[in-house]
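To start, the structure itself, in structure tokens.
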Amino acid sequence: MATQLLPAQLETDSSPEDPPLVSPTVKLSDGRHIAYRERGVPKAKSNCKIIIVHGFGSSKDMNFQVPQELIEELGIYFLLYDRAGYGESDPNPKRSVKSEALDIQELADQLQLGPKFYVIGVSMGSYPIWSCLKYIPERLAGVTMVVPVINYRWPSFPDSLTREDYRRPLAKLLYWVAKYIPGLLHWSVTRKWFPSPSVMEEKPVFFNKRDMEALKKTEGFPMLTKERLRERSVFNTLRNDFLVCYGDWDFDPMELTSPFPQNQNCVHIWQGYEDKIVPFELQRCISKKLPWIQYHEVADGGHLLVHYNGLREAILRAMLLGEEHHLYRPSADKTVP
């Protein structure tokens, strides 16, 4: 059931201790509320309906600005929502890889998007997309994952690719700490000596040159500030999301079959060659094992390429029109087994 909160309701329906909702919500079958916002052309007049799935520490208010001319040209309706526990959405104590896809499906059904819709997942928002490919492939009209996170537990990754990847032991350690001693993790990330997001945004440890430029024009990671992390509900949401993403899955993504067996569309992965968070070698490995994935690689792109000028338009044109720009074809200087 979808609900729209009007200004008058905001003053009367909220209890003093709860912050008032400012976004429309749907009530899921398990009683949770999911907040969302709509952009683009009116849903009834659209040619394509796209659900955008935000990543770690983000929300439905993420920056996915597209020129109005392109929106009107292609008749695009966008639906952005707060994943469970983020923004204005209720947490899901039973969160799982599968529940992410089921939330998307129920949200689409309650908002009457029709039998098929497009999905775009950004960074950690890509694991719900893998879930959609596994559990609701018949609902998908088209799929795009932008700098999708990878899970070193996926069994199909060759050891020769992951053995010397310095990110692998770091991910393993952080997962262990988050799972078994969350109190220590919460204490650590709120200490003054722990690097804040603003410090990390100023140093090129995680981001390349183009990322640093993009950060000057975006709000960064507001949910990851020390002030927000002190809120136990915020910390718990981030922790649970991380544990589900990097934990054991019920399936290996590299054993999935194409949701478009008649080749009427394809799945897209967009990756930055200079991404310091997700290695391009592993994305190439995935696309090699799954030939029905169309792989795009931005030569000077980092992890924030979704914020680069012109990239969002290229992403949409590739998914909706099948256009491919020669600039985004992977270079052949490095290969994967």
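The values are calculated or read from the model by the stated rules, or taken from the named source; none is laboratory data. As the structure is a computational prediction, the values presented were derived from the model and not from experiment. Ideal geometry is used to build each Cβ from the backbone, glycine not excepted, and the neighbour counts take in all protein chains shown. Protein only, heavy atoms only, side chains kept; ligands, DNA and RNA dropped before computing areas. Shrake-Rupley method; radii C 1.70, N 1.55, O 1.52, S 1.80 Å.
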Per the filter on segment 78-128, residues more than 23 Å from G57 (Cβ to Cβ), open to solvent by less than 20 Å² (accessible area, probe 1.4 Å) and in a loop (DSSP other than H, G, I, E, B) are L111, L113
Looking only at segment 220-263, how many residues end up being among the polar types (S, T, N, Q) and either touching a Lys or Arg at 6+ places or on another chain (Cβ under 7 Å) or part of a helix (DSSP H, G or I) (or both)? 4
Inside segment 129-149, can you point out the residues that are of a type in the set (V, I, T) and either surrounded by fewer than 24 Cβ atoms within 10 Å (Cβ to Cβ) or in a strand (DSSP E or B) (or both)? I136, V143, T144, V146, V149
Would you check which residues across segment 68-77 are in a helix (DSSP H, G or I) and either among the small types (G, A, S) or under 14 Å from I52 (Cβ atoms) (or both) and list them? I71
Within segment 174-190, residues out of contact with any helix residue (DSSP H, G or I) (no Cβ under 8 Å at 6 or more places or on another chain) and either outside any helix (DSSP H, G or I) or modelled with pLDDT of 95 or more (or both) come out as W176, Y180, I181
Residues that are in a loop (DSSP other than H, G, I, E, B) and modelled with pLDDT of 85 or more: does segment 194-203 have at least one? no
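To keep it simple, each residue is scored yes or no on (1) under 17 Å from D82 (Cα atoms); (2) at pLDDT below 95; (3) touching a Ser or Thr at 6+ places or on another chain (Cβ under 8 Å).
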site	(1), (2), (3)
L28	yes, no, no
R32	yes, no, yes
A35	yes, no, yes
E38	yes, no, no
V41	no, no, no
K60	yes, yes, yes
F64	yes, yes, no
P67	no, yes, no
I71	no, no, no
Sort through V267, V244, V278 and tell me the only one that's open to solvent by less than 10 Å² (accessible area, probe 1.4 Å), closer than 27 Å to M223 by Cα and either touching a residue at least 24 places away in the same chain (Cβ under 8 Å) or out of contact with any Ser or Thr (no Cβ under 6 Å at 6 or more places or on another chain) (or both). V278
